[in-house]
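A short write-up of the structure that comes next.
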Amino acid sequence: MKVGFVQNNSEFGNVQTNLDHVEKLIIGKEADLFVLPELFATGYQFKNREESAQFAEPVPDGITSRFLCTLAKKCNAFFIAGLVELEDDRIYNSSVIVGPQGYIGRYRKIHLFDTENACFDRGTEVPPVFDLNGAKVGVMICFDWRFPETARSLALKGAEIIAHPSNLVLLHCPQAMITRCLENRVYAITADRVGDEERVSGEKLHFIGQSQIVDPDGNILVRASETEEEVQIVEINLEKARNKFLNLQNHILKDRHPDLYH
Ligand code: ACM
């Protein structure tokens, strides 16, 4: 199976420009699954809830989901990517999962980072795992990495790959994701962005790039630069993630003792 990420530099608020640009980055690249960053079409630093509401769209009938469905058909690939979701009067920092046949599902970020709490509602649904042509793919978003329970719960639900759309500002995530992969024997695809945003004076955000794909043994199969837009694709072997034995005696999930962890 070939999996990849897109590392872009979004221009805040210029949705159509960002969509067109991502399409240019991807076209001609071949993979079964592409992961794109969190909020890849809008940019990240919303000033308040009124502003995130302006960019919020219904799923799957909004501009970003429709763009992704068209791209998935054109590329004959699955896509997992972040957007601002509107449902009734609620606004979520979500990721959608689409494939060549159309919309498949969504995940609403449950661990909101810092000022996101003023702009989004927290997701209240269990992080999902999707069967994408036989590959079990779990989804979490950016700051979810800081809570190991998120990746663990995906692994316990059978995820072999964790798709991780991100807009990273904390430096430790790329290294921490190696541990998430070791803890759960899963692949992880972190798709981050590059560039800066300072939409609120004095509150500059620097996005660290370093999108990466890590295997169940903690090997970094590919890591992008800190500054450049990139699309990277690698071949992975899902059998590696299906084997949860560390040796003849130790099974990474069955050896847990949750009764002793209170
Ligand atoms: C983040 O969760 N985007 C830092």
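Among the residues of the stretch 143-162, write down those that are among the acidic types (Asp, Glu) and touching a helix residue (DSSP H, G or I) at 6+ places or on another chain (Cβ under 8 Å). Explain how you work it out, then say what you get.
The first filter runs over the stretch 143-162 and keeps only residues among the acidic types (Asp, Glu), leaving 144, 149, 160.
Across the stretch 143-162, the qualifying residues are 144, 160.
Any residue that is in contact (Cβ under 8 Å) with a residue 24 or more places away in the chain and assigned to a strand (DSSP E or B) - is there at least one of those in the stretch 68-78?
yes
Being of a type in the set (A, V, I, L, M) and farther than 23 Å from residue 207 by Cβ narrows it down to one of 159, 191, 151, 176, so name that one.
Details: 191 fails: farther than 23 Å from residue 207 by Cβ; 151 fails: farther than 23 Å from residue 207 by Cβ; 176 fails: farther than 23 Å from residue 207 by Cβ.
The match here is 159.
Bear in mind that the values in this text are calculations on the coordinates, not laboratory data. Everything numeric here is computed off the predicted structure, so don't read it as measured data. Quick reminder, even Gly has a Cβ in these numbers, built from the backbone with ideal geometry, and neighbours come from all protein chains shown.
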